[in-house]
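Below is one structure; the comments refer to it alone.
The values are calculated or read from the model by the stated rules, or taken from the named source; none is laboratory data. Fair warning: this is a prediction, and the values are worked out from it, not measured in the lab. Glycine also receives a Cβ, built like all others from the backbone with ideal geometry; neighbour counts cover every protein chain displayed.
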């Protein structure tokens, strides 16, 4: 757990994130341009040095990303990088379409990929080794002369070096001569092991004056260790993806590599005080790519610092470093104990204090029972503080007097090649008056939301300040197909404050309704607490 | 990719599986005795040397496992091991309850855990360092004299050694003197890095004559690499769990360590011809513990040999070793291709062949354009082969003549404290006849599904064989709240065959409808292809 700097290691390493390019290659990941912009903002907040935004020549979505980036991203810390391949065989650099599209991306830096394994030059590109080297030289030279910082990504470097080291080294040499800033050794097929990496990187460091970078895939389960070994051997630029996203088995997991380098090897990576953002960043990016983050993820996973009942809680409290490899707060994570009856009471009491709800001992037991019951049905209160607050308040005798529901009705009509319409009607009682309102929406939930707000707004001015900011649907037992249980999560905000509410049902509309009503009720409670209108 | 034996490495390593003991500590895993027996049979079939079955003294379920094991497991290859701690402080070995329960487990081998970090002896056990050493010696001595093979698990060894090497070494020495077969160095808190492991294991190998074993956790993301480093430094016994199960971030993943050692370092682990069982074993065990296996898992995951980028496909067919770090069949896995907007013509053509759709060159270009357009809107065809098939067929002039939709209508009515009802009405034209049907469902999608099937079933017998097996909803731009775009994925099956279809819309009901219709149309095409009724 020492974070002192270790002799012989570099004092700092450049972190180069390729989540938006190589990470997006993962099966099941499909990012919109909006998604990419949001991920880039997160990466910049963490303080990575480089963000590879995509391959503008290969993908119109990536071209759009680079077009929008200058205005929509105000990168504070990171440099945006566009990725592309070297010129095609037999074409002049200045007339190569890929190189032109790299220029059009208007970034300060580019990453150029070239084959560093002789076989791939002769058999995949079907050109001569000499032309392979010229393609590398010309392309780097062209872009450097346009004033760009060039990273040279030597594809299949490790496999190539093992078979024909002289070719692999001469292509690096060509890139270096042409002015590449960094020579990135890429283990494209992901099969390398740490000791061969250490040996090969050390050899390259000896013969090359340029900065050495590395790019690993996890096919041998060693992408993280390979990155660390490379740094020991002289690499000072490490590429990878948040949460280890990427094709096949994924890229080197930056959510692990960054804390390993910083906290264990004493090397500067992202600004030291920002490393505590890495847990929330990893979880946020997981939300954006919509893949659940493995609870086992080192440093950032929900179970990374979770202890089972067998261990003495008090012993850990006395000397955490005897039971945890690092202080979880350094990475913005926390120690968790698997919920026992006792731990449950404690944390619930804490939550009640946090929410400003006073709760008696007997009520606490009832809430715990109710919580267990509901979580068994699919509720998940850890992510729905608003609904938890209502549960706590109800257990203390509070009643929801803002309004009551009589009924609602939602109708969707759809005509092939024609228009579709969705409308909702709600019947509620407010202040003793029966109110009936109908509204249309983009879908059943937006129609319901609109109708309910229309019915309540005349009575609650505060509603005009409140809006939904996020809406998520998860099918829980998805193998029951359309009869599955559905969990709906809604995030809401009134400008100052945000809260999350939950609904669970086998009917997506009912689940949404429960989450919607909770959202509005919590909002009205917050408004009542901060004003005099009630 | 060399699997020749590397000079300086041991010729073989004993594989010691602790899935049933340490793996079962993972949050969310709860194995019945039946489950444990089934996992043990799988492990034996793979040919691991040792199976740690549980902690009979701490857990009545584990005691039952050991009671039933002799009759119900006919282990061919593996030796069953019972796990327990050394005697308590101040108690004679022969009267210690834990040691007695180890004897009662009636295994030939036992694994005894003892604290190898001075702090844990003085502050967790609250006894003297001298008594700590006696506890180790007496316990090993007692069990060896009962004729048992004893593995000595030196808990917190690496952390202890870094702080007080002399204590950590003297407890190993005590165990060795008492006749322990193997000294297992355990990184209990999981924070070790490969280079310190290599250094420390080499040091222990120098001073100890016993076999050295290792046991790693993945808290630094290096458990696999640490195991390999330890073997390079002299360890010939490696502990771990299938799929990396275990507390916090998990144990060393044997599904990765075993192929790494065997296929990459040329070391004998399980019998060579059985290593091809490891993919099916990993997936089978994942079924038993009821946690989905990460598709990214090295060697054994569903994506481990999946290729996406279009330019590679034809090249891979020509020379797979240039694109895959090992031959996937060696581990019982296989190469897979997926199609997405990144895909070139080649991979789309390959997919068309796989689906049995003949497609002309011009049509291919149209489909590629259409794919990009749709994926930009939120479609994601790599997970929806059924909808992709329809897209390919339509581009070749095929028309969907099974039925056409006139309109549908879905109504949900909900009464507070009362019943809720959802019904759907569809109007379709089949065989020139107009059919109108209404059905109820658990929610809008199940009602629509029921109504459509009711309308079509009289015309298509095959429908009765087809059913939905999975249903997923994803809100794409979820920060637009209830106006967000929604993507619905449906998996379907007819018993022999499965397919996935997709729908995207801002209205969840429309999105579901598109996925439903595609699902039924694909099913009808499959039925037509395999029967004469059309």
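Considering only the range B:291-310, I want to know if a residue exists there that is farther than 26 Å from residue B:33 by Cα, in contact with a strand residue (DSSP E or B) (Cβ under 6 Å, 6 or more places away or on another chain) and touching a residue at least 24 places away in the same chain (Cβ under 8 Å).
yes
Answer yes or no as to whether residue B:294 is at pLDDT 90 or above, within 12 Å of chain A (Cβ to nearest Cβ), surrounded by 17 or more Cβ atoms within 10 Å (Cβ to Cβ) and closer than 21 Å to residue B:18 by Cα. If you could, list the steps in order and put the result at the bottom.
On the way: at pLDDT 90 or above: yes; within 12 Å of chain A (Cβ to nearest Cβ): yes; surrounded by 17 or more Cβ atoms within 10 Å (Cβ to Cβ): yes; closer than 21 Å to residue B:18 by Cα: yes.
Taking the combined requirement at face value, the residue satisfies it.
If we scan the range A:142-153, do we find a residue that is in a helix (DSSP H, G or I) and out of contact with any strand residue (DSSP E or B) (no Cβ under 7 Å at 6 or more places or on another chain)?
Within the range A:142-153, one or more residues are in a helix (DSSP H, G or I) and out of contact with any strand residue (DSSP E or B) (no Cβ under 7 Å at 6 or more places or on another chain).
Any chance the range A:219-241 includes a residue that's in the same structural domain as residue A:52 (by TED's automatic domain parsing), within 21 Å of residue A:287 (Cβ to Cβ) and crowded, with 24+ Cβ neighbours inside 10 Å? Walk me through how you get there before you give the answer.
To start, the set of residues in the range A:219-241 that are in the same structural domain as residue A:52 (by TED's automatic domain parsing) comprises A:219-241.
Then keep just the ones that are within 21 Å of residue A:287 (Cβ to Cβ); that gives A:240-241.
With the extra rule that they be crowded, with 24+ Cβ neighbours inside 10 Å, the set shrinks to A:240-241.
Yes, some residue in the range A:219-241 is in the same structural domain as residue A:52 (by TED's automatic domain parsing), within 21 Å of residue A:287 (Cβ to Cβ) and crowded, with 24+ Cβ neighbours inside 10 Å.
If a residue has to be at the interface with chain A (Cβ under 10 Å from one of its Cβ atoms) and not in a strand (DSSP E or B) to count, how many in the range B:407-445 make the cut?
Final tally of qualifying residues: 7.
Just checking, which of A:262, A:279, A:256 is part of a helix (DSSP H, G or I) and either within 30 Å of residue B:334 (Cβ to Cβ) or not assigned by TED's automatic domain parsing to the domain that holds residue A:37 (or both)?
A:256
Looking at the range A:446-469 only, could you name the residues that are facing chain B (nearest Cβ under 10 Å) and surrounded by fewer than 19 Cβ atoms within 10 Å (Cβ to Cβ)?
To start, the set of residues in the range A:446-469 that are facing chain B (nearest Cβ under 10 Å) comprises A:446-450, A:467-469.
Correct list: A:467, A:469.
Would you call residue A:62 over 24 Å from residue A:274 (Cβ atoms), in contact with a strand residue (DSSP E or B) (Cβ under 9 Å, 6 or more places away or on another chain) and not in a loop (DSSP other than H, G, I, E, B)? Steps first, please.
Working: over 24 Å from residue A:274 (Cβ atoms): yes; in contact with a strand residue (DSSP E or B) (Cβ under 9 Å, 6 or more places away or on another chain): yes; not in a loop (DSSP other than H, G, I, E, B): yes.
Taking the combined requirement at face value, the residue satisfies it.
Quick check: anything in the range B:478-485 modelled with pLDDT under 90, within 14 Å of chain A (Cβ to nearest Cβ) and farther than 28 Å from residue A:490 by Cα?
Taking the range B:478-485 first, the residues modelled with pLDDT under 90 are B:478-485.
Cutting the leftovers down to within 14 Å of chain A (Cβ to nearest Cβ) gives us B:478-485.
Subset that is farther than 28 Å from residue A:490 by Cα: none.
Within the range B:478-485, not a single residue is modelled with pLDDT under 90, within 14 Å of chain A (Cβ to nearest Cβ) and farther than 28 Å from residue A:490 by Cα.
Pick from A:269, A:279: which is within 14 Å of the chain's Cα centre (by Cα) and farther than 24 Å from residue B:256 by Cβ?
Numbers: A:269 fails: within 14 Å of the chain's Cα centre (by Cα).
When all the criteria are applied, what remains is A:279.
Filter the range B:266-283 down to the residues that are over 29 Å from residue B:8 (Cα atoms) and out of contact with any helix residue (DSSP H, G or I) (no Cβ under 6 Å at 6 or more places or on another chain), then identify the one that is modelled with the lowest pLDDT.
B:283
Of all residues in the range B:382-406, count the ones that are in contact with a strand residue (DSSP E or B) (Cβ under 7 Å, 6 or more places away or on another chain), in contact (Cβ under 8 Å) with a residue 40 or more places away in the chain and either farther than 20 Å from residue B:462 by Cα or part of a helix (DSSP H, G or I) (or both). Outline the logic, then answer.
First pass over the range B:382-406, keeping only residues in contact with a strand residue (DSSP E or B) (Cβ under 7 Å, 6 or more places away or on another chain): B:383-387, B:403-406.
Keeping just the survivors that are in contact (Cβ under 8 Å) with a residue 40 or more places away in the chain gives B:383-387, B:403, B:405.
Restricting the remaining residues to those that are either farther than 20 Å from residue B:462 by Cα or part of a helix (DSSP H, G or I) (or both) gives B:383-387.
Total meeting the criteria: 5.
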